[in-house]
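Below: the structure, in structure tokens.
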Amino acid sequence: MDSPPLYLPLLLLTCLLTLWQGAGAQSLFTIDSVTLKLDPSGEVTSGTLMNLNCEVSVSHDQSNPMTHSFNFLRDDVLVYSKNTTESAALHQLNPARAANSGTYKCQVIVQDKSKGSRTHRLTVTGLQTPVLQVTSQILFEGDEVAATCSAPDESGSLLFHFYQDQEKIKQVRAIGNSVGTRLELKHAGDKHLRCYFEITMLPDAGRSNNSNTVKVMVKELFITPVMNILPGKNVIEGDIVEFVCRVVNPPSNVTVFLNKDKRVLKTASISLSHSLRVLAEDSGEYVCKVERGNVQKEAYESIKVKELFSKPVLVMKPREVFETERFTLNCDTDRYSHERINIGDVKYSLYRNQVLLTSGGNYSATAHPSLNGNYSCQAQAQGRGQTKKIFKNSTQIVLKAKVPVSVPLLSVVGGRLILGKPFQLQCQSDNGSLPITYTLLSPHRQAEFRVVRRPWDLALFNITSIHRSSDIHSFSCKAENNPSQPYMESSGDHLRRTATIIEPVSRPVLTLTPKMGDVAEGEDLTLTCTVQRGTPPITYTWYHTKSALPLLSKTTNDMRLSHSFQGVSREHGGGYYCVTNNPSNDSQRSAMVTVGVKLAGWKKGLIAAFCILLTVSLIIIILVKKCLLPFRRERTVELSVKPASTKTDETLRLTHGEVNEAANVTPGVMGRSVWSDHVSGSESDDQTSEETTEVPEPQYTEVHPQEVGPTRAPVKKGTDTVYSEVRNSNQGKTDILFNVH
């Protein structure tokens, strides 16, 4: 394998040296300090030369100087910037003005690092005196002059004020340091103009001094309007009148107007003439106005126009007419000019809906809907010496023949009424022109009136109540809208046909079947609810006092309804009542009835049989016990008192003391009773049998007799209880009987 060329290691070494030098080209530096100095400092007067010097100190590892970016800020807004390798930068305010007032700071940027100086406050007092200039110093009154107010050395947004003598006439805001405007000078004479300004953003800076004063001469504008009226100021309708309006020695740019009642009749330059065939309404004041720029001057003249004939008047009789009635129209004038016409020279025409109805001043017809419309009259006449006729129209009359009122209908509001409750009656006619007067009539009350004047009004009458259905037939009403015609009265047929009369239900009566109110278990129970009066349908509802919920609710047309229970039980006992209601919504409740449920017959028989059986059983038990008593007594060991004999160990001996002790013991204390201890006859027999086997034949022992009554007492002997009975015989002997168990 061939060895690499010798230039490759040299190339690699060159690259490494280049990278090391590139890394070393990145300088190391730090900004030590930034200092801002104001000369002079603090507060200065306007026009002073102001130096702002910013110095920076930077430590770095390079031999070449570094570039510094100096930024001068006023109130944090950049006002001047400079890039230099020098360590200081100067910003001059030459001269300083009030707009330069503020807080200054110097910010220095070196590559990617930045540092700012301490802030300094600069206050510039005083404003520059403005200069006022005008384009012309000689004007006519009403002319405008162009004026310019400027403060060349000031900066910022300025507000300029313009004065004429001591009167402020205008105020203008400007972005720059000067403003031009036009000033109107209204009155003649010498005028003195001046101006001053304020800095909008620095209200504390105050206002500037007044500018120079400019004198302007305002000359009076001699324009005098003159108005002539031909042939004169007093004329008659139909005459032609000419109005002439002009200016004496007019200057240039003059305009003339002819006005009446703020309406411009004609306009022209310098002079005008206006002709008019006058009518009575043309009477009044006319104005001749001359205008140049903003200057106006006026002349006034009035004319009076006499009527050739008065405005015609159209009269209809009667003023209100009903259909089928006759009416007349008459047209006439009450004044005319005797100088120009005679009364017969006036001609009349009648119009309906602007269509000629008849030539003449009179018209008569029978009112009918086809003749309804707007009627008017036109009068015309031509005066002597006049070339044209004068036409005048009357005021229109609207003819709408009234409709006679039709027969009214009386009805119940809502269609139904409830006896005993308030309700309303309405009287209404289907046809008839308003207003209509309705009257409610009834033999039992005073007549009531209602006047219906608007289509949406109703003739309603409030009725307190009626208590019988037949009372509704006593009401009637009448309607009238024409005093010259008879009124129309309603009949009771419509009210009887349309009114639904509801009678509230009477108090219901609840009855039971069976009637006694007591029923045996398993039997049927029927609850019947009955009402005497009430308009059907009637709703019947039954309740049991043991529950708040109804047992049953049913609606029917019947006056009574029943509810039955099949096979009642003890739970059906208690109180019952029913509630009735009908469309009157007036519920009625019955009195409460009480139902008692007895035991069923078979249960009574079963109880009786059980009682009889129990009684018979007790009797049998008693009889059986009585029958067994003699049998038991036969087994009792009979003791007799005999002479003393030899005793064995098994013989039962009783001494005289033992007998006495046994005789004195209370029965039932020392042992068990025969009746209580024997559980059954068989057991007793078995025990007796066993005892008979085991007990030896009884031995008799002599006992000394004592005077004691018959006593039966138990004597405990081992595990047996010996019942003893002591008897006294007639022979003076005492017999003691023992019954051993």
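Observations
- The solvent-accessible area of Asp239, taken with every protein chain present and a 1.4 Å probe, is close to 30 Å².
- A Förster radius of 60 Å combined with the Cβ-Cβ distance from Ser553 to Ser81 puts the calculated FRET efficiency at roughly 0.05.
- Mean shadow area of region 80-150, taken as a quarter of the surface of its Cα convex hull (nm²): 8.7
- Electrostatic tally near Tyr196: other residues with Cβ closer than 11 Å to its Cβ, Lys and Arg +1, Asp and Glu -1, net +2.
- Estimated inter-spin distance, Asp204 and Thr48, nm [label 7 Å along Cα→Cβ]: 1.6
- As a length-normalised measure over Cα pairs under 8 Å and 6 or more apart, the relative contact order of region 469-567 settles at 22 percent.
- Ranked by the mean number of other Cβ atoms within 10 Å of their residues, highest first, the peptides 295-308, 385-398 come out as 295-308, 385-398.
- Close amide H pairs (under 5 Å, H built 1.01 Å from N) link Lys402 with Val321, Phe322, Glu323, residues at least 5 positions away or on another chain.
- If the chain linking Gln354 and Ile138 were pulled fully straight, counting 0.36 nm for each residue of separation and taking away their Cα-Cα distance, it would gain 71.2 nm.
- Projecting the Cα positions of Thr148, Cys245, Gly189 onto the charge dipole of region 132-258 (unit charges on Cβ atoms of Lys, Arg, Asp and Glu, taken about the Cα centre) puts Thr148 furthest along the positive direction.
- Euclidean distance of C-alpha centroids, region 186-254 and region 280-306, integer Å: 19
- Taking amide H as placed 1.01 Å from N in the peptide plane, the amide H of Lys170 sits under 5 Å from that of Phe162, each at least 5 places away or on another chain.
- Protein heavy-atom surface of region 370-452, 1.4 angstrom probe: 51% of the accessible area is carbon and sulfur, with nucleic acids and ligands not counted.
- Highest-first arrangement of 50-61, 501-512, where packing means the average Cβ count within 10 Å: 501-512, 50-61
- Among residues other than Ile270 with Cβ under 15 Å from its Cβ, the summed charge is +4 (Lys and Arg +1, Asp and Glu -1).
- Unit charges on C-beta of K, R, D, E only; dipole of region 127-206, Debye: 100
- Per-residue HN-Hα couplings for region 237-247 [Karplus 6.51, -1.76, 1.60; θ = phi - 60°; Hz; x = Gly/Pro]: 3, x, 6, 9, 10, 10, 10, 10, 10, 8, 10
- Figure note: Leu158, Leu549 ranked by solvent-accessible area, largest first, 1.4 Å probe, ligands and nucleic acids not counted: Leu549, Leu158.
- Put simply, the amide H of Phe565, placed in the peptide plane, has neighbours under 5 Å in Leu525, Thr526, Leu527, leaving out anything fewer than 5 places away on its chain.
- Zone residues, region 74-95, relative to His60, backbone N less than 15 Å from point 7 Å out along Cα-to-Cβ: 83-88
- Whole-Å distance, taken between Cα centres, linking region 411-483 and region 363-401: 45
- Taking Cα centre as origin and charging only the Cβ of basic (Lys, Arg, +1) and acidic (Asp, Glu, -1) residues, the dipole magnitude of region 499-587 rounds to 180 debye.
- Whole-Hz couplings from phi, Karplus 6.51/-1.76/1.60, listed for region 218-230; x for Gly and Pro: 10, 8, 6, 8, 8, 10, 10, x, 10, 10, 10, 10, 10
- Heavy-atom accessible area order for Lys603, Lys186, Lys400, largest first, 1.4 Å probe: Lys400, Lys186, Lys603
- Computed from phi, the 3J(HN,Hα) profile of region 67-79 under the Karplus parametrisation 6.51, -1.76, 1.60 (θ = phi - 60°) reads 8, 10, 10, 9, 10, 9, 10, 10, 6, 6, 10, 5, 10 Hz, with x in place of Gly and Pro.
The values are calculated or read from the model by the stated rules, or taken from the named source; none is laboratory data. What you are looking at is a predicted structure, and each value in this text was computed from that prediction instead of being measured. In this analysis, Cβ positions are derived from the backbone assuming ideal geometry, glycine residues included, and neighbour counts consider all displayed protein chains. Heads up: the accessible areas ignore ligands, DNA and RNA and are worked out on the full protein's heavy atoms, side chains in. Shrake-Rupley method; radii C 1.70, N 1.55, O 1.52, S 1.80 Å.
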